[in-house]
Amino acid sequence: MIKCSVGVGRNMENAEICVKEAVKDFIDPKFIVFFSEDSCFCEYARTIHSLFPNAVSIGCSSYRMWGTHGSEKKTLKVLAVEDGIEVFANIIPKADEFALSYADRVRDCVNRFESTENTVCVEFTVPYKNYEEYALAALNSVLLRREIPVIGGSAANDNTSETAYVALNGEIYEDGCVFALIKNLGGAVRLYRENIYVPLTDRRFLTTKANGVSRTIMRLGEKTAADVYAEELGVPVSEIKNYFFYNPLGRLVDGETYVTAIYESNSNGYLKNLARIHEGTDISVMKVGDYKKITEETFAKIKRENPNPSLVIFFNCLARTILFEDENAVEDYQKRLVEEFPNIIGFSCCGEQLGTKHFNHTALFAVFE
């Protein structure tokens, strides 16, 4: 069984005191994961590494932190794993079109394991720069062959800027992807994806013109993407931006729906998104479903398959988080998380990654037996 503990620091006025508050119960961690708001993140990262220089430490900035001690903003959440795992980590420093040139760093980590059974790759990628798909390509160019799954999230901030950070062993990056290969020595690692959105109607539309690199859809069928989106909602094109948050797009891939956030529209009727949608993809306009029922079904499935999980790492999309805030549902959801998973840490991210896919508006769970 994994031996771990989760700490919290709430002293925002002094970074060193805040870190020491969060790690006061840690003894000799092998692996540390941490999340905080962006304003103090760099100081936290350096302080954590200075206190535990022999531990592998990774983290990213976030909008809201989740975990054993509650769901909060303006705080520091830290997970320490002291036993039960083997871990190796590295950084893809430029997670852009040259990300594949760093695949050797992934391979080096993999080759350090005697066996990669029950191993998962957890990664955090800087957002807003279209890096996620490039980072996934670099990771999966190595990991797919070894059947090591990838789960991750895009860093976030207080939702007032486009500055976000990731960190590895006290080094901070504004345009990279940090990753850790974690082998559970005492059991399996299982990954789960929760989608609380359902199609607005029964209609689907074929993407006939798109630019994957810029994440832009130009045409759905014979019409501009904005025209189709407006028609589905029954509103003028001039008003569609008011619906982007509650009505994202759903792309159907291999029988599964992946939710994609709409970032903006332009005068040409194009829709720019926060994840790639390729030509030939079926698209639906989505709406929020019965999320309370869906989340309870998710909890039940995870506990059925993992009656006594040692550790859960939780990725909750920023959009879902804001939805829960608007619905006054954060406290209830956090309570249910801790009831089901006593050792849990998580963050609100700008995007989610699972396997080879990058998407939005979704929750992910990495569950360690």
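Read-outs: derived from the displayed coordinates by stated rules, not from any lab. Just so we're clear, the structure is a prediction, and the values are computed from it rather than from any experiment. All Cβ positions, even for glycine, are placed from backbone atoms using ideal geometry, and neighbour counts span all protein chains on display.
Miscellaneous remarks
- With a Förster radius of 30 Å applied to the beta-carbon distance between ASP25 and GLU171, the computed FRET efficiency rounds to 0.70.
- Rounded FRET efficiency, nearest 0.05, which uses the C-beta distance separating LYS223 from ALA188 and R0 of 56 Å: 0.75
- Residue-span extension gain [GLU82 to LYS129] - 0.36 nm each, minus C-alpha spacing: 13.5 nm
- Computed E for LYS293/LEU144 - FRET, C-beta separation, R0 30 angstrom, nearest 0.05: 0.30
- In sequence order, calculated HN-Hα J values of segment 95-101 (Karplus, 6.51, -1.76, 1.60; Hz; x Gly/Pro): 7, 10, 5, 9, 4, 4, 5
- Phi angles across segment 201-216 convert, under the Karplus curve 6.51 cos²θ - 1.76 cosθ + 1.60 with θ = phi - 60°, into 3J(HN,Hα) values of 9, 8, 8, 10, 10, 7, 6, 9, 8, 7, 10, x, 5, 8, 6, 10 Hz, Gly and Pro given as x.
- Two-decimal log10 I(q)/I(0) for segment 266-322, as the Debye equation yields it once each C-alpha is a single scatterer, q = 0.13 Å⁻¹: -0.62
- Judged by the mean number of other Cβ atoms found within 10 Å, the most tightly packed of the peptides 300-311, 140-151 leads the ranking 140-151, 300-311.
- On full extension, the segment bounded by GLU325 and GLU13 gains 109.8 nm, given 0.36 nm per residue less the C-alpha separation.
- Segment 339-369 versus segment 30-68: alpha-carbon centroid distance in Å: 17
- For segment 98-220: span of alpha carbons on each principal axis (Å, largest first): 49, 33, 29
- Per-residue ³J(HN,Hα) for segment 103-112, Karplus 6.51 cos²θ - 1.76 cosθ + 1.60, θ = phi - 60°, Hz, x for Gly and Pro: 4, 4, 5, 5, 4, 4, 5, 4, 5, 7
- The C-alpha atoms of the chain define a longest principal axis, and helix 132-143 lies at about 60 degrees to it.
- Degrees between helix 41-51 axis and first principal axis of the chain (Cα, 0 to 90, nearest 10): 20
- Exceedance of the 18 Å cut-off in Cα-Cα distance is limited, within the set LYS129/LYS272; LYS30/LYS301; LYS94/LYS129, to LYS30/LYS301.
- Peptides 51-63, 105-117 ordered by average Cβ neighbours within 10 Å, highest first: 51-63, 105-117
- The chain: C-alpha pair distances exceeding 27 Å, %: 45
- Area projected by the alpha carbon convex hull of segment 207-262, averaged over all directions, nm²: 4.2
- Between the alpha-carbon centres of segment 132-199 and segment 235-289 there is a gap of 23 Å.
- Put simply, segment 1-67 fits an ellipsoid with semi-axes of 18, 13, 12 Å; these come from the alpha carbon gyration tensor as the roots of five times its eigenvalues, largest first.
- Adding -39500 (n - 2.57) for every DSSP H run of four residues or longer, then dividing by how many residues the chain holds, sets the calculated 222 nm ellipticity at -7000 deg cm²/dmol.
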